[in-house]
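What follows is one structure encoded as structure tokens, with my remarks underneath.
The values are calculated or read from the model by the stated rules, or taken from the named source; none is laboratory data. What you see is a predicted model; the values in this text were computed from it and never measured. Ideal geometry is used to build each Cβ from the backbone, glycine not excepted, and the neighbour counts take in all protein chains shown.
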Amino acid sequence: MNGHRGVWVERDGRLEDTGIRFADSEEILVLIERLVAPLGRRIDLASPLVDGRLPDGSRVHAVIPPISLVGPALTIRRFATRPLSPDDLVRTGTLSHEAMDYLVQAVRDRRTVLVSGGTSSGKTTTLNALAFAISDRERIVTIEDAAELRLPQPNLVALETRPPSVEGVGAIDVRALLRAALRMRPDRIVVGEVRGGEALDMLQAMNTGHRGSLTTAHANSARHALMRIETMALMGGIDLPLEAIREQIRRAIEIVVHQERDETGVRRVVEIAELAADRGAPYELTPVVR
């Protein structure tokens, strides 16, 4: 919803103009307040941005003037009634049966997988499907900014970050949740997305006995995803030399899955590559599927 300029809906990967128009910005602001107030969030001039999770699991993001120059803008991201399984991704053409068999076996073999891609490329959906392959006998801790993952395993702890309160205190970020997760005796740690300095904490967790963990990152290719992890780890605030961080990446991440959405809105895995643990230049990727 772009202010009173109109409402668009994405169907089958394409945006459609619904033809709906609001009379004025005040009408939209009232709607936004009615959505976020039950979530314990507020939006006003002091806090013109808000993120939240609706009771049905949908994610809501709103921004109002003066940050938004088109008036109040609202984005709601809905999810399917049930999470997609590996078979569903094969059926919808996200990747081939052979590629999915390879990834499912990799997860069962406790190989660490990084799923990369752009915004709305389907990274989280693929991550969720791969997590189906984790055994019911394992203890899983998931960490997300906004909870999207829905895993079927019984021994599961789902953690979600918390923004600061009205007074500006009480925020809990991904780094804090990663540290907490290590005290929960996890067999696997699934991080919905790494965006900053928490990448260093994640790499250290993967290198200290939590093999087979899964995560996603924004990137333009499999190789670029590793460089992004490298850059984010440097943001971790610990004075480690670059080569030490690269060694952590080579030892932690074993498989990179890169996903894209094409101009028709179809989401596909376009590259699967294995990362060599030995010294590369700086990373030696072997394509498995391209």
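Across segment 89-101, the qualifying residues are those that are in a helix (DSSP H, G or I) and crowded, with 17+ Cβ neighbours inside 10 Å, and the one among them that is nearest to the chain's Cα centre (by Cα) is Leu89. All conditions but one from (1) assigned to a helix (DSSP H, G or I); (2) in contact (Cβ under 8 Å) with a residue 24 or more places away in the chain; (3) not aliphatic (A, V, I, L, M) apply to Pro83; the one that does not is (1).
Go through Gly40, Gly71 for me and flag whichever is over 30 Å from Ala222 (Cα atoms), without any contact (Cβ under 8 Å) to a residue 12 or more places away in the chain and either outside the structural domain of Asp173 (by TED's automatic domain parsing) or exposed (fewer than 15 other Cβ atoms within 10 Å of the Cβ) (or both).
Gly40
Of all residues in segment 75-98, those being in contact with a Gly (Cβ under 9 Å, 6 or more places away or on another chain) and farther than 23 Å from Glu271 by Cβ number 2. Does segment 184-193 contain at least one residue that is in a loop (DSSP other than H, G, I, E, B), crowded, with 21+ Cβ neighbours inside 10 Å, hydrophobic (A, V, I, L, M, F, W, C) and under 21 Å from the mean Cα position of the chain (by Cα)? The answer is no; no qualifying residue exists.
Can you go through Ala147, Ala176, Ala158 and tell me which one is surrounded by fewer than 17 Cβ atoms within 10 Å (Cβ to Cβ), farther than 23 Å from Ala99 by Cβ and in contact with a Ser or Thr (Cβ under 6 Å, 6 or more places away or on another chain)?
Result: Ala158 is the single residue among Ala147, Ala176, Ala158 that is surrounded by fewer than 17 Cβ atoms within 10 Å (Cβ to Cβ), farther than 23 Å from Ala99 by Cβ and in contact with a Ser or Thr (Cβ under 6 Å, 6 or more places away or on another chain).
Here Val50 fulfils each of the conditions (1) buried (at least 16 other Cβ atoms within 10 Å of the Cβ); (2) farther than 16 Å from Gln259 by Cα; (3) out of contact with any His (no Cβ under 9 Å at 6 or more places or on another chain) apart from (3). Ala181 falls short on exactly one of the conditions (1) touching a helix residue (DSSP H, G or I) at 6+ places or on another chain (Cβ under 7 Å); (2) crowded, with 21+ Cβ neighbours inside 10 Å; (3) among the hydrophobic types (A, V, I, L, M, F, W, C), and that condition is (1). Examine segment 1-12 for a residue that is in a loop (DSSP other than H, G, I, E, B) and more than 28 Å from Arg150 (Cα to Cα), and state whether such a residue exists. Yes, some residue in segment 1-12 is in a loop (DSSP other than H, G, I, E, B) and more than 28 Å from Arg150 (Cα to Cα). Filtering segment 13-37 to residues that are part of a helix (DSSP H, G or I) and closer than 19 Å to Phe79 by Cβ leaves Leu35, Val36.
When we screen Ala133, Ala147, Ala106 for residues that are within 18 Å of Val191 (Cα to Cα), of a type in the set (A, V, I, L, M) and at pLDDT below 95, the only hit is Ala147.
Listed here are the residues, each with its yes/no results for (1) of a type in the set (Asp, Glu); (2) over 19 Å from Glu247 (Cβ atoms).
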{"residue": "Asn128", "(1), (2)": "no, yes"}
{"residue": "Glu138", "(1), (2)": "yes, yes"}
{"residue": "Val141", "(1), (2)": "no, yes"}
{"residue": "Arg150", "(1), (2)": "no, yes"}
{"residue": "Pro164", "(1), (2)": "no, yes"}
{"residue": "Val174", "(1), (2)": "no, yes"}
{"residue": "Val194", "(1), (2)": "no, no"}
{"residue": "Gly197", "(1), (2)": "no, no"}
{"residue": "Arg228", "(1), (2)": "no, no"}
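When every residue of segment 225-241 is checked against the conditions, at least one turns out to be under 18 Å from Thr124 (Cα atoms), among the β-branched types (Val, Ile, Thr) and part of a helix (DSSP H, G or I).
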